[in-house]
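Report on the structure given below.
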Amino acid sequence: MTLPPPSDTTIEALLPAYDRPTARATDPLYARVEEHVSAGDWPAIARRVAAIERLKHEHHAVVLAHNYMPPEIHALVGDIRGDSLALAREAKRVAADTIVQAGVHFMAETTKILCPERRVLIPDTRAGCSLAASISGAQVRALKRRYPAVPIVTYVNTSAEVKAESDICCTSSNALAVVEAIAAEWGSERVIMLPDEHLARNVAARTHVSILVWQGHCEVHERFTPAQVGAIRRAHPGVQVLAHPECPSGVLAAADFAGSTTALEHWVDEHRPERVLLLTECSMSDNLISRHPQIDFVRGCTLCPHMQRITLDGILLALARGEPEVQLDDTIATRARQAIEAMLALPAALLDPLVALALREDLGRGGDITSEALIPAGHHGRLALVPRRAGVIAGLDVLQRVLMQVDPTVEVSLHCHDGDRVAAGATLATLAGPTRSLLAAERIALNFMTRLSGIATLTRRLVDRLEGTGVRIACTRKTTPGLRALEKHAVRLGGGTNHRLGLDDAFLIKDNHLAAAGGVRPALARARAMLGHLRMIELEVDTLAQLEQALADPPHAILLDNMSLTEMRRAVAMIDGRCLINASGGIDPERIREVAATGVDVISIGALTHSAPQLDIALDQC
């Protein structure tokens, strides 16, 4: 039910006086919000914070605060903060009897779905979402009847009823991985992605999977335009523009970086730009200002009217009254839980067989006999994951799966995310648990992480060299057997792209194919005869004569193999924009900017995966 607006006397009765004990408990928190709360307003805020903390203790409650919450909630009473994915994961892990969702209604439903035995409170039931309102369960059922063999991926910004009709959920931070994984699992060339049109189109631009989109929009992000980005750049020279993937594709193209709210947060933490604009909900910038007072946060954002309904007073009353409580039909909740847990389990399903193989290889039949002989069974330790040199991190999901298989009681606290640039000596994660377990897992965890982080670091270095050219760096199929998916993902984390994941991704006609097929034109004709509407043909040429034959009826892409810079320039002129141009073979990483200057679109480098030096990472006692 919807509660009536509280009267001042109702709130006042719950508040302590702003006396010495209250001031002593709350005043140290003021520094977190002093950019947004005046000294005169602080006593009123402090009284509410003190009352909320008291009720949280009494009711064994926690507050999950989304990144779009205003600072007085996010920084002062939020026990767990993050984007939709982080909150979904933590909701399942948190030890509490009551969970207060400082976010919109679909987030509270998601928490209740994952934690059916907990009391989940939403401070204001009117805190809705334009995306969640854009599609119903009945409409999803109609799509399933129309496309019975096509998997349905549903953004978490949807109702429980819509999730219940879906095969798997996704968030803005994992949408690409989810789409590619579910397409591979179903053996489908198509995926239905609901309900955000912009997010779906932005994912479609980065995958070979064909995506059927729904025309739902976030009322905050759809307001941003490329013209607005241009105007802000002119008004604020040098500003770095960061955009959320729910923005239109033209906005993302005009931005310097796009990612989930957590990804945007980490980009700011890592790069510390002089001036930045966040194209997302305004509270995101507000919450970062206290951490980065030296950064000029340009105001070009939009407030979400639904998020703004969640207030300190609303949280206070919800804790005091024990309502409004989220209630769901058991059948709907069970089916929706399957879709969410399919998303949460995705890394485990992909990684666990690889991890199990590696552990069997290392632990053998008898386990770590040295640790078992020297370390008492009850001994506990604490280790810090630390890079010896700067780089880009990849493999944190693998680290967690290694530890889970060795000993589920080991506690892992992550201090960064995959794809983050980190400095030498930074603490990436801390591990705490039985010392025997930590040492048994150590080498396999580090083997994965040093390998994958080395690939991401090399990729980022080459991507940075091409900054401003518009040319993309791609990896090849020259990967470690069994580790291709992980190594190609590490390339993406470093800012690169993938060429083909496997032989079934696209037609790539090479010299041996040409010899067997009788030349360029017969080979292209045979490929076109078998071509489905979702696959492309790429032709490898190593001479300009071959290229001239191909241009009589150009394929989708031409791969220039082992050509000199002069030959590449001539080839680009001959192609004249009629197809995508990929340079590969014998590319010197030190000269890739010269290759980019020839006019090619993509540079494929096998060395990204077959010759990347490992990033030195260690587990140190702490």
### Query
Rounded, prolate or oblate: which fits the range 233-273 when a ≥ b ≥ c are the square roots of the eigenvalues of the alpha-carbon gyration tensor, with rounded for a/c under 1.5 and prolate only if a/b beats b/c?
oblate
### Message
How much accessible area per residue does the range 543-614 have, counting only protein heavy atoms and a probe of 1.4 Å, in square angstrom?
### Response
45
### Task
Figure the gain on full extension for A597 and I369 (residue separation times 0.36 nm, minus the Cα-Cα span) and round it to one decimal in nm.
76.4 nm
### Summary
Taking the chain and counting helices only, DSSP H stretches of n ≥ 4 at -39,500 (n - 2.57) each over all residues, the nearest-500 ellipticity at 222 nm comes to -13000 deg cm²/dmol
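Compute the Kirkwood hydrodynamic radius of the chain, taking the inverse of the mean of 1/r over all pairs of distinct Cα atoms, and give it in Å to one decimal.
About 26.8 Å for the chain.
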### Message
Over 24 Å apart: what share of the alpha carbon pairs of the range 346-460 falls there, rounded to a whole percent?
### Response
25
### Query
About its Cα centre, how strong a charge dipole does the range 226-303 have in debye, to the nearest 20, once Lys and Arg get +1 and Asp and Glu get -1 at the Cβ?
280
### Query
Using θ = phi - 60° and the Karplus form 6.51 cos²θ - 1.76 cosθ + 1.60, what ³J(HN,Hα) does each residue of the range 100-105 get, whole Hz, x for Gly and Pro?
9, 8, 8, x, 8, 5
### Query
So how many Å³ per residue does the convex hull of the Cα atoms of the range 462-611 work out to?
117
### Message
How are the alpha carbon pair distances in the range 86-146 distributed across 10 Å bins from zero to the largest one, expressed in percent?
### Response
21, 42, 27, 10, 0
### Alpha-carbon Rg with Dmax, taken over the range 226-303, Å
11.2, 31
### Task
Could you check how much of the accessible area of the range 462-611 is carbon and sulfur, as a whole percent, using a 1.4 Å probe?
51
### Query
Nearest 20 debye, what's the magnitude of the dipole of the chain about its Cα centre given +1 on Lys and Arg Cβ and -1 on Asp and Glu Cβ?
900
### Summary
For the range 21-34, Karplus-derived ³J(HN,Hα) couplings (6.51, -1.76, 1.60; θ = phi - 60°; whole Hz; x for glycine and proline) come out as x, 5, 4, 5, 7, 10, 4, x, 7, 4, 4, 5, 10, 5
## Note on the structure
Karplus-derived 3J(HN,Hα) from phi for the range 223-233 (6.51 cos²θ - 1.76 cosθ + 1.60, θ = phi - 60°), whole Hz, x at Gly and Pro, runs 6, 6, 9, x, 4, 5, 4, x, 5, 5, 4
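Semi-axes of the equivalent ellipsoid for the range 131-213, please: Cα gyration tensor eigenvalues, times 5, square-rooted, ordered largest first, whole Å.
18, 15, 10
At a 1.4 Å probe radius, carbon and sulfur cover how many percent of the accessible area of the range 346-460?
Looking at the range 346-460 in its full context, I get 55 percent from C and S.
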### Task
Return, in residue-number order, each cysteine of the chain whose C-beta is not under 4.7 Å from any other cysteine's C-beta.
C115, C129, C169, C170, C218, C247, C304, C416, C475, C579, C622
#### Entry: M404, M343, reordered so the largest accessible area comes first (probe 1.4 Å)
M404, M343
### Message
Taking 2.2 N^0.38 Å as the expected size of a compact globular protein, what ratio does the Cα radius of gyration of the range 204-345 give against it, to two decimals?
### Response
1.29
### Query
For the charge dipole of the chain, defined by +1 on Lys and Arg C-beta atoms and -1 on Asp and Glu C-beta atoms about the Cα centroid, which residue among T280, L399, L374 has the Cα displaced farthest towards the positive pole?
L399
### Task
Work out Dmax and Rg for the range 574-622 from the C-alpha atoms and quote the Rg first, both in angstrom.
16.9, 61
### Message
Cut-off under 15 Å on the C-alpha distance; same-chain residues fewer than 8 positions from K510 excluded. Which aspartates and glutamates are left, in chain and number order?
### Response
E538, E540, D542, D561
### Query
Per 10 Å bin, what is the whole-percent P(r) computed from every C-alpha pair distance within the range 14-138?
13, 39, 32, 14, 2, 0
### Query
Amide H neighbours of G381 under 5 Å, counting only residues 5+ apart in sequence or on other chains, H built in-plane at 1.01 Å?
G433, T435
### Query
Using a simple spin-label model with points 7 Å from Cα along the Cα→Cβ vector, what separation in nm is obtained for R93 and S611?
4.0
## Note on the structure
So A573 and E117, fully extended at 0.36 nm per residue minus their Cα-Cα distance, gain in nm 157.6 nm
### Query
Under a 5 Å amide H to amide H cut-off, with H placed in plane at 1.01 Å, what residues pair with C170 once short-range neighbours are removed?
T154, Y155, V156
## Note on the structure
antiparallel share of DSSP beta bridges within the chain, to nearest 5, in %, is 25
### Task
Between Q338 and H415, with labels modelled 7 Å along Cα→Cβ, what's the label distance in nm to one decimal, could you check?
4.2
### Message
What whole-number distance in Å separates the alpha-carbon centres of the range 226-251 and the range 327-403?
### Response
39
### Under-5 Å amide H pairs with H556, H placed in peptide plane, nonlocal only
I537
### Query
Cross-link partners among aspartates and glutamates for K112, C-alpha distance below 18 Å, same-chain residues fewer than 8 apart left out?
D79, D83, E90, D97, D124, E161, E165, E323, E325, D329, D330, E341
### Task
Enter the accessible area per residue of the range 226-303 (Å², integer; probe 1.4 Å; all protein chains in place).
38
### Query
What length, rounded to one decimal in nm, is gained on full extension from A432 through to E467, with 0.36 nm per residue of separation minus their alpha-carbon distance?
8.6 nm
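The values are calculated or read from the model by the stated rules, or taken from the named source; none is laboratory data. Fair warning: this is a prediction, and the values are worked out from it, not measured in the lab. No Cβ is skipped: glycine too gets one built from the backbone with ideal geometry, and neighbour counts run over all protein chains shown. Surface accessibility is based on the protein's heavy atoms, side chains included, excluding ligands, DNA and RNA. Shrake-Rupley method; radii C 1.70, N 1.55, O 1.52, S 1.80 Å.
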